[in-house]
Amino acid sequence: MTDSPQNTRILLASRPHGEPTSDNFTIESAPIPVPGEGEVLLRTIYLSLDPYMRGRMSAAKSYAAPVEVGDVMEGGTVAEVVESNDDSLRPGDIVLAYVGWQAYGVASAKHVRKLDPAQAPVSTALGVLGMTGFTAYAGLLEIGQPQPGETVVVAAAAGPVGSAVGQIARIKGARAVGIAGGPDKVAWLEELGFDVAIDHRSPTFADDLKAAVPDGIDVYFENVGGHVWDAVLPHLNTYARVPVCGLVAHYNDTELPPGPDRSSRLMTTILTKSLTVRGFIQTEFVKAHYAAFQSDAAGWLRDGTLRHREDVVEGLENAPEAFAGLLKGKSFGKLLVQVGPDPTR
Ligand SMILES: NC(=O)c1ccc[n+]([C@@H]2O[C@H](COP(=O)([O-])OP(=O)(O)OC[C@H]3O[C@@H](n4cnc5c(N)ncnc54)[C@H](OP(=O)(O)O)[C@@H]3O)[C@@H](O)[C@H]2O)c1
């Protein structure tokens, strides 16, 4: 028996078939890892939960390698340096890292980014000033290219990506129409200044969308797929741009939806309306656009033109349930797990 502090880690126990459940994860205690030369020992403060993690749980071929069964689940983290074997970082520094679903982790000092708690709450490095904010910024501005007066429609609009897309569209002078699930999310989008917000769970959804886009849709920022995409497609204008960012309605699919096969109708619409439908992974834009994003987003956050919301779940052990809920619309804002105390608050 030892009473020295232990690490808590969540491992992938099995690959889900359909929705992930708690059975797909194992929570275990392990010794706290020891940093080597050029490495730091990190104590996790916040763990980011993101829809892409569903892909990492699957063995299907994708743009990134899967997490192996028995390995710690991957994920972005904000952490405190506990021990440093590198001159660039000292104990007490707060960093953005990628140590996954665990209370302590070791990382190369080269692979973490020091955060300045005086600039913004450190949790924003996982959301509005981090990966999700950048995804919105790069996908909308590089692929969507909204022009003043155009209509931009975004799905999963109350999430961290969608809420930033709609607000940046407004900053660029476009009309923003947000689609979200339920009256609370719709009310928040109205508060953020979206021109129209509609509920995709309402029985009148298709009619509400039609009424919201009298001049058609110039940019549709796709986050979900499913029935939302079906409702959007007929309203796309000639030369509309469709950044395909995510398809969360399908991440738990185990087979293709029942027929008929409508791909020929889709391709005909793409052809006859000269649509640009372009998938992307945000990392492809990092080199060219991350610096501009950081400066623009920090400015918009400071002056209040870009607002955000966090949904913080307490305790690493609650991560599996929170993650399953994320894929079904249970979270409201950027979903974070508070793994340990935040010394900056
Ligand atoms: N390409 C990239 O590099 C990249 C990077 C980051 C994120 N993404 C993608 O961007 C999308 C948004 O990510 P996020 O982090 O901002 O997630 P999020 O909005 O916090 O969570 C996903 C939301 O999708 C909505 N949803 C789930 N099932 C749905 C369905 N059947 N029909 C309609 N809406 C449904 C839910 O919102 P409601 O309650 O409003 O229905 C849920 O809250 C995801 O698809 C994600 O995979 C892509």
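Just so it is clear, none of the values below were taken in a lab; they were calculated from the coordinates. Predicted model, so just to flag it, every value in this text is computed and none were measured. Note: ideal-geometry Cβ built from the backbone for every residue, glycine included; neighbour counts use all protein chains shown.
From its DSSP helices (H runs of at least four residues, each -39,500 (n - 2.57)), the chain gives a residue-normalised ellipticity at 222 nm of -7000 deg cm²/dmol.
For the chain, the dipole from Cβ point charges (+1 on Lys and Arg, -1 on Asp and Glu) about the Cα centre works out to 840 debye, to the nearest 20.
For Tyr104, the residues 5 or more places off, or on other chains, whose built amide H falls under 5 Å of its own are Thr8, Thr44. How many angstrom lie between the Cα centre of the range 1-77 and the Cα centre of the range 283-340? So the two Cα centres are separated by 19 Å. Potential lengthening of the chain between Ser62 and Gln119 amounts to 16.9 nm, from the contour at 0.36 nm per residue minus the alpha-carbon distance. Structure remark: mean-square fluctuation, Gaussian network model of the chain, C-alpha springs under 10 Å; the largest value among Phe323, Phe194, Phe205 belongs to Phe205.
Length gained on full extension, Thr204 to Glu190, computed as 0.36 nm times the residue gap minus the Cα-Cα distance: 3.2 nm. For the peptides 97-108, 305-316, the ranking by mean Cβ contacts within 10 Å, running from highest to lowest, is 97-108, 305-316. Placing unit charges on the Cβ atoms of the charged side chains and taking the dipole of the chain about its Cα centre, the candidate lying farthest along the positive direction among Ala138, Gly127, Val106 is Ala138. Backbone phi angles across the range 69-77, fed through the Karplus curve with coefficients 6.51, -1.76 and 1.60 (θ = phi - 60°), yield HN-Hα couplings of 4, x, 8, 5, 4, 7, x, x, 9 Hz in residue order; Gly and Pro are listed as x.
Only lysine pairs 8 or more places apart or on separate chains count here, and in the chain those with Cα atoms under 29 Å apart total 23.
With R₀ fixed at 22 Å, the C-beta to C-beta distance from Thr26 to Lys328 puts the FRET efficiency at about 0.45. Scanning residues 5 or more positions from Ala197 or on other chains, those with amide H under 5 Å from its amide H are Gly178, with H placed 1.01 Å from N in the peptide plane.
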